[in-house]
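A.B. asks: Quick one: the structure is below, and I'll ask about it shortly.
What follows is calculated from the coordinates using simple rules that are stated; it is not laboratory data. Nothing here was measured: the structure is a model prediction, and the numbers come from that model. In this analysis, Cβ positions are derived from the backbone assuming ideal geometry, glycine residues included, and neighbour counts consider all displayed protein chains.
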Amino acid sequence: MKADSWKISKVFSSGGEIHYVMPHFQRQYSWGKTEWEVLLKDALAIYQEYDPEKETEHFIGSLVVINDGTRGTITAFKLVDGQQRLTTLSLLFLVLRDLVEIVETTDERERLFKKINKFVINLDEKKEDEVYFKLLPTNKYGDRQAYQTIILQENRPQTESGIPKAYDYFYDEIKSKVKEGELDIGRFFTVLQNSFQVVFIELNKNESPYHIFESLNAKGKPLTQPDLVRNYMAMMLPTSQQEIAFTKWEKIEKLLQEERKVGKSGMGELTAFIRHYLAMETRNLCAESHIYARFRDYCKKLDDKEFVLAIANLLKFAEYYNKLLRPENEVNQDIKTALIRLNTFDLSTAYPFLLTLYNEYNSQKNNFEEFIECLKLLENYLVRRHICGEPTNYITRMFTSIWKEVTAIQDEDESVTLPEALKNVLITKKYPNNNHVRQSIHSHKLYDKNNTKKMVLVIDTINRHLSKGTGGFTVLDQDATIEHILPQKLSKDWENELGDKFKQIYRDYLHTLGNLTLVTSEWNAQLSNSAFLVKKKKLAEHALRINSDYFSLTIDRWDDKAILERANFLTNKFIEIWPSLGEHEAFPTRTLSKPKLIQICGDEIPLSKQTWRQVTIQCCEWVIKNRSDSFEKARNLLKSNFQDNRPDRNSDGTKWQLSNGYWVNLRKSGDGHIDFCRRFLEAVGISEADWSIEYVSE
């Protein structure tokens with residue numbers, strides 16, 4: 001890297017030949033009146049105090065360039081940083097050039113015009129060639145065309161570009177001063193080229209210019225991870241390859257828009273896509289803040305030709321990703337339906353696997369039937385885990401590596417189909433067996449007022465299944481809502497009907513599947529907290545078979561026994577729809593498995609003692625180290641888990657002093673430690689998708 005102080009005259013090669021190339025990542029011309037006024041005010045102030053014997057120096061910032069070889073005899077530079085000020089200075093020169101008509105002497109007029117013109121064009125080049133122009137803005141918002149017409153003194157087109165506005169501002173301001181005798185064009189031009197200076201930083205491609213770019217952009221509003229990826233592409237690709245690559249990149253940006261968010265992660269679509277694409281390629285799901293760095297590492301081994309092919313490949317997978325996010329873009333109705341259903345169950349956790357699966361199907365390595373069967377297997381896996389209340393952080397990282405396991409099974413036995421191999425892998429991934437499903441449906445609280453879509457899908461699927469073989473099924477004429485048969489607000493009549501155990505029944509069974517059904521919001525309001533026999537009569541007349549079939553039966557009262565009986569009925573139907581994929585081993589509870597590693601935002605923390613207490617300790621210590629400013633907020637939200645002073649009694653070691661002085665309570669079950677970590681990390685802004693626990697292999 002070379003960094004020198006350059007006069008503006010040298011930046012423009014003192015009227016000699018030079019050419020600045022705008023990388024595709026550069027934004028449109030965005031300076032406005034505020035910036036124009038500051039620049040002109042500074043220039044006029046220097047003009048007033050200018051002394052040729054002792055030139056005033058005025059630094060206007062830095063220009064960062066990469067040597068981009070030659071265009072014939074002209075040295076070319078790729079302009080990494082500083083395009084706004086360089087474009088504005090060029091416009092200021094053009095205004096001075098075009099105002100020389102005010103100069104009285106014809107000879108002086110022609111001399112000045114040529115002198116200034118040499119600062120914006122390379123005279124020996126053809127006008128139709130890009131190198132004719134010393135600087136060319138990007139094509140965004142018509143900037144390039146607007147700039148060229150000003151240089152060539154042609155009629156201006158209608159445009160969104162801000163370049164004509166900047167030119168007009170400087171023209172009006174300077175013309176008035178020239179006419180009033182306050183400004184001499186020749187002297188002002190001399191002041192600009194000699195007093196205005198920049199720090200000219202020239203990089204070499206081998207000097208990792210993207211590192212310099214990252215440092216330059218560490219201040220102010222940070223660039224997004226996709227911004228950094230796009231800029232890296234522009235800096236590492238030769239100019240001849242950029243148009244091909246960026247045509248594809250722009251298509252990716254149109255498909256996957258950053259302002260739209262993906263799943264619970266809250267990441268923009270393009271950010272999430274690059275993260276999942278890298279996870280598919282590297283088998284490792286990195287933290288959001290590491291996406292650009294991992295992309296850079298992934299691309300380091302590629303030459304220019306391979307780099308362009310990699311961008312083309314990225315576009316292909318972006319098209320798959322767009323279908324995963326928006327199944328309506330899939331033309332095949334069966335695939336569309338399967339993806340819509342999967343999206344209800346946070347399909348984003350499986351995107352790294354599904355990208356490969358989509359590609360295998362699209363390239364005809366696997367047929368349609370196998371593709372659909374794999375989607376159904378994934379639904380089976382996700383629905384069963386949801387119904388059993390299993391956390392999503394396990395499968396978030398699990399899905400990054402299972403393709404390798406699937407192909408290993410097929411490599412070992414070529415007769416095994418893709419669905420068979422996938423099924424064999426899924427049953428080893430904490431897959432709930434039928435006993436676990438039955439127990440969970442009886443006791444697990446499935447209702448979540450903030451996310452009812454999953455429960456609606458489960459109940460609706462059971463309702464449709466009840467009409468299997470009849471050639472049709474009934475549906476609601478409005479959006480479905482969840483109805484609690486035992487109401488969420490108990491009246492005195494309900495308390496009397498339930499008897500002395502009403503508090504226990506309400507606590508244990510209110511939100512379980514046996515107590516839930518589907519109706520429209522209108523019916524929901526009518527049923528409300530009515531007595532059971534009133535609800536039973538209306539539900540027996542309801543259009544959905546899940547209501548009419550069951551509540552036409554003889555049921556005298558709605559208590560814990562009745563709820564469990566309906567839970568049994570629904571469980572049998574559930575297992576018919578989503579049957580067990582097989583028995584790998586008894587489904588291990590999390591408390592019986594030993595933890596060996598905790599991952600948080602890409603950091604791996606080995607647990608040497610393999611205890612649940614260590615999970616909590618290491619979780620807290622990671623937050624202290626990496627999110628110290630958020631620790632206090634999280635501690636306040638979970639106050640009962642911490643204390644400020646040394647505990648009076650700690651003989652059993654259930655209190656641990658953290659490195660910041662606080663004591664954390666370790667008296668918890670395995671599930672309790674997991675729940676604490678989930679809530680604690682969530683309080684500091686880390687979602688379940690960004691941390692996980694690995695267990696000791698049994």
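A.B. asks: Would you grab the residues whose amide H sits under 5 Å from the one on E483? Only those 5+ places off in sequence or on another chain, please, with H modelled 1.01 Å from N.
C.D. replies: For E483, whose amide H was placed from the backbone, the distant partners under 5 Å are T517, L518, V519.
A.B. asks: Something else about it: Rounded to the nearest angstrom and ordered from largest down, what semi-axes does the equivalent ellipsoid of segment 2-216 get from its C-alpha gyration tensor (root of 5λ)?
C.D. replies: Output for segment 2-216: semi-axes of 27, 20, 17 Å.
A.B. asks: Something else about it: Segment 58-132: percent of C-alpha pairs farther apart than 15 Å? All intermediate terms of the calculation are to be shown ahead of the outcome.
C.D. replies: Working: 1851 of 2775 pairs.
More than 15 Å apart: 67 percent of the Cα pairs in segment 58-132.
A.B. asks: Still on this structure, I have one more. Using +1 at the Cβ of each Lys and Arg and -1 at the Cβ of each Asp and Glu in segment 437-577, identify which of T470, T520, A567 lies farthest towards the dipole's positive end.
C.D. replies: Toward the positive end, the furthest listed residue is A567.
A.B. asks: Would you mind calculating the gained length between E253 and E522 on full extension (0.36 nm times residue separation, minus the Cα-Cα distance), in nm to one decimal? Write down the numbers at each step before the final one.
C.D. replies: Values: separation 269, 0.36 × 269 = 96.84 nm, distance 4.23 nm.
Roughly 92.6 nm would be gained on extension.
A.B. asks: Using modelled backbone amide H atoms (1.01 Å from N, in-plane), which distant-in-sequence or interchain residues come within less than 5 Å of V80's amide H?
C.D. replies: For V80, whose amide H was placed from the backbone, the distant partners under 5 Å are V64, V65, I66.
A.B. asks: Which of L457, N313, T105 sits closest to the plus end of the dipole of the chain, meaning its Cα is farthest towards the positive end, when Lys and Arg get +1 and Asp and Glu get -1 on the C-beta?
C.D. replies: L457
A.B. asks: Considering only DSSP beta bridges with both partners in the chain, what is the antiparallel share in %, to the nearest 5?
C.D. replies: Of the beta bridges lying entirely in the chain, close to 75 percent run antiparallel.
A.B. asks: Something else now. Between K489 and N284, how many nm apart are label points set 7 Å from Cα along the C-beta direction?
C.D. replies: Modelled inter-label distance: 5.4 nm.
A.B. asks: Sticking with this structure for a sec: Cα-based Rg of the chain per 2.2 N^0.38 Å, rounded to two decimals?
C.D. replies: 1.28
A.B. asks: Compute the signed sum of charges (Lys and Arg +1, Asp and Glu -1) over the other residues within less than 12 Å, Cβ to Cβ, of A312.
C.D. replies: Around A312, the charge tally is +2.
A.B. asks: With axes computed from alpha carbons, what is the tilt in degrees of helix 453-465 against the longest principal axis of the chain, rounded to the nearest 10 within 0 to 90?
C.D. replies: The angle comes out near 50 degrees.
A.B. asks: Follow-up. Rounded to the nearest 500, what is the chain's calculated 222 nm mean residue ellipticity when only DSSP H runs of at least 4 contribute -39500 (n - 2.57) each, over all residues?
C.D. replies: Values: 30 runs with 356 residues, N = 698.
Rounded to the nearest 500, it is -16000 deg cm²/dmol.
A.B. asks: Continuing with this model, one more query. In whole Hz, what ³J(HN,Hα) sequence does segment 171-176 give by Karplus (6.51, -1.76, 1.60; θ = phi - 60°), x for Gly and Pro?
C.D. replies: Taking θ as phi minus 60°, the curve returns 4, 5, 5, 6, 4, 5 Hz for segment 171-176.
A.B. asks: Could you please state, rounded to a whole Å, how far the C-alpha centre of segment 16-44 is from the C-alpha centre of segment 594-665?
C.D. replies: Rounded to whole Å, the Cα centres lie 52 Å apart.
A.B. asks: For segment 227-300, place one equal point scatterer on every Cα, skip the solvent, and apply the Debye formula. What is log10 of I(q)/I(0) at q = 0.18, 0.24 Å⁻¹?
C.D. replies: Log10 I(q)/I(0), no solvent term: -0.75, -1.21.
A.B. asks: In this model, which of K264/K449; K41/K177; K453/K501; K445/K538 are farther than 20 Å apart at the alpha-carbon? Walk me through the numbers before you get to the answer.
C.D. replies: On the way: K264/K449 16 Å; K41/K177 13 Å; K453/K501 31 Å; K445/K538 25 Å.
Going by Cα-Cα distance, K453/K501; K445/K538 fall outside the 20 Å limit.
A.B. asks: Any chance you could give the angle, 0 to 90 degrees and rounded to 10, that helix 304-325 forms with the longest Cα principal axis of the chain?
C.D. replies: Helix 304-325 and the main axis of the chain meet at about 40 degrees.
A.B. asks: For segment 532-538, what does the Karplus curve 6.51 cos²θ - 1.76 cosθ + 1.60, with θ = phi - 60°, yield as ³J(HN,Hα) per residue in whole Hz, taken in order and with x for Gly and Pro?
C.D. replies: Values, residue by residue: 4, 5, 5, 5, 4, 4, 5 Hz.
A.B. asks: For segment 591-695, take every pair of Cα atoms, bin their distances at 5 Å starting from 0, and report each bin as a whole percent.
C.D. replies: 2, 13, 25, 26, 21, 10, 3, 0
A.B. asks: Of L152, L533, Q410, which is farthest towards the positive pole of the chain's charge dipole, taken about the Cα centre with +1 and -1 on the beta-carbons of Lys, Arg and Asp, Glu respectively?
C.D. replies: L533
A.B. asks: Still on this model: Amide H neighbours of R71 under 5 Å, counting only residues 5+ apart in sequence or on other chains, H built in-plane at 1.01 Å?
C.D. replies: Those lying under 5 Å, H to H, from R71 are A76.
A.B. asks: If one takes the longest principal axis of the Cα atoms in the chain, at what angle in degrees, from 0 to 90 and to the nearest 10, does the Cα axis of helix 333-344 lie?
C.D. replies: 80 degrees
A.B. asks: For segment 2-216, with only Lys/Arg (+1) and Asp/Glu (-1) charged at the beta-carbon, what is the dipole magnitude about the Cα centre, in debye rounded to 20? Present the calculation step by step, with values, prior to reporting the outcome.
C.D. replies: Values: 28 positive and 35 negative charges, 90 e Å.
Around 440 debye, computed over segment 2-216.
A.B. asks: Right, next: In debye to the nearest 20, how big a dipole does the chain give about its Cα centre with +1 on each Lys and Arg Cβ and -1 on each Asp and Glu Cβ?
C.D. replies: 2100 debye
A.B. asks: Please turn the phi angles of segment 551-568 into ³J(HN,Hα) values with the Karplus equation 6.51 cos²θ - 1.76 cosθ + 1.60 (θ = phi - 60°), one per residue in order, whole Hz, x for glycine and proline.
C.D. replies: 8, 7, 6, 7, 9, 7, 8, 10, 10, 4, 5, 5, 5, 5, 5, 5, 4, 4
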